[in-house]
1. What pairs can you find where one residue is in segment 96-108 and in contact (Cβ under 8 Å) with a residue 12 or more places away in the chain, the other is buried (at least 22 other Cβ atoms within 10 Å of the Cβ) and assigned to a helix (DSSP H, G or I), and their Cβ atoms are less than 8 Å apart, with a gap of 6+ or different chains?
2. Please determine, by comparing only the residues of segment 68-86 that are within 18 Å of residue 123 (Cβ to Cβ), in contact (Cβ under 8 Å) with a residue 24 or more places away in the chain and part of a loop (DSSP other than H, G, I, E, B), which one is nearest to the chain's Cα centre (by Cα).
3. Could you run through segment 185-198 and say how many residues are surrounded by 13 or more Cβ atoms within 10 Å (Cβ to Cβ) and touching a residue at least 24 places away in the same chain (Cβ under 8 Å)?
4. Can we say residue 163 is closer than 15 Å to residue 81 by Cβ, modelled with pLDDT of 95 or more and under 17 Å from the mean Cα position of the chain (by Cα)?
5. If residue 120 satisfies all but one of (1) surrounded by fewer than 18 Cβ atoms within 10 Å (Cβ to Cβ); (2) within 19 Å of residue 164 (Cβ to Cβ); (3) free of Cβ contacts under 8 Å to residues at least 60 places away in the same chain, what's the number of the condition it fails?
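The values are calculated or read from the model by the stated rules, or taken from the named source; none is laboratory data. Please read these numbers as outputs of a predicted model, since none were measured by experiment. All Cβ positions, glycine included, derive from the backbone under ideal geometry; neighbour counts span all protein chains shown.
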């Protein structure tokens, strides 16, 4: 009788373990599907010459945030700029990543009107994020982040380069101030940021 009770307890515990594993698998599948839904928004019907009013959600980092447009929720990756990476999966945040994220959050929150515009090339990047120029009360967010020395000009993939020369001019002026991302020679590279110089 004792042996049967022990056997029953072992079977119950093993069953709970299997149930727990199945729950985790289901949860992971759900997260994967959510990512696929987010990245499968079809933007082909959007006019590339038109400005769209956006409702802003969570800010992921200085150059990426969630928005809502026409009932669709998706991530925007700001065209033509790159900010330092925030902390992710065991990797420490790069210098000035938190400041860039905070500045983006602050500017988006203060803006009375947030508008986005696609460029003439691809609507999305390889991760399914919408590639847009974002205007806050009429001023280009990318330009502000470059002026604040919290973003470098980068990820220029023709033909999505309409405002590239304008942003490069701003960057040339900003570099001279030697503040934030430009304070340490070698931190900003052609491929991003090199925290090893700190």
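1. Close Cβ pairs satisfying both conditions: 96/181; 100/145; 103/145; 104/141; 104/145; 107/141; 108/141.
2. Among them, the one singled out is 79.
3. So the answer is 5.
4. No; evaluated as a whole, the condition is false for this residue.
5. Residue 120 satisfies all of (1) surrounded by fewer than 18 Cβ atoms within 10 Å (Cβ to Cβ); (2) within 19 Å of residue 164 (Cβ to Cβ); (3) free of Cβ contacts under 8 Å to residues at least 60 places away in the same chain except (3).
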